[in-house]
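Student: Quick one: the structure is below, questions incoming.
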Amino acid sequence: NEWLSFAIIMPLVFGLSFQTPIVMMFLYKIGIADLDTFRSKRRMSYFIMAIFSAVITPSTDAPTMMMLWVPMCLLYEFGIWMCKLQPRTLVDEFDDSELDEMVGV
């Protein structure tokens, strides 16, 4: 029973944690966060990911935690890189008066 729960939970946890760049891109695209926010909060993000990795992994040793934490940190950096390469949104290309004309206000 323990092995079965481990075999189900761990791939699920790793799969969800590897969605970090997609979540970052979503937050960037809808305007909740920008590149400066991701860069300035990098240390706090690493700390939170380390705590998450320590809590969610079944073993209490550091190598097991590092197997989840290091890829998450690399994926966080990849998310910043993805946001840097993508244009934000169409809204950023216009000023407020042009947007008002477009929507008919």
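Student: Scan segment 1-28 for residues that are among the aromatic types (Phe, Trp, Tyr), in a helix (DSSP H, G or I), in contact (Cβ under 8 Å) with a residue 12 or more places away in the chain and under 22 Å from residue 85 (Cα atoms) and jot them down.
Tutor: The answer is 28, and nothing else.
Student: Considering only residues that are open to solvent by 70 Å² or more (accessible area, probe 1.4 Å) and not in a helix (DSSP H, G or I), look in segment 38-70 and name the one that is nearest to residue 82 (Cα to Cα).
Tutor: 41
Student: OK, next. Within the bounds of segment 29-37, is there any residue that is open to solvent by 100 Å² or more (accessible area, probe 1.4 Å), in a helix (DSSP H, G or I) and of a type in the set (A, V, I, L, M, F, W, C)?
Tutor: No - not one qualifying residue is present in segment 29-37.
The values are calculated or read from the model by the stated rules, or taken from the named source; none is laboratory data. No experiment lies behind these values; they were computed from the predicted model shown. Please note: Cβ atoms are built from the backbone with ideal geometry, for glycine as well, and neighbour counts cover all protein chains shown. The accessibility values were calculated without ligands, DNA or RNA, using every heavy atom of the protein model including side chains. Shrake-Rupley method; radii C 1.70, N 1.55, O 1.52, S 1.80 Å.
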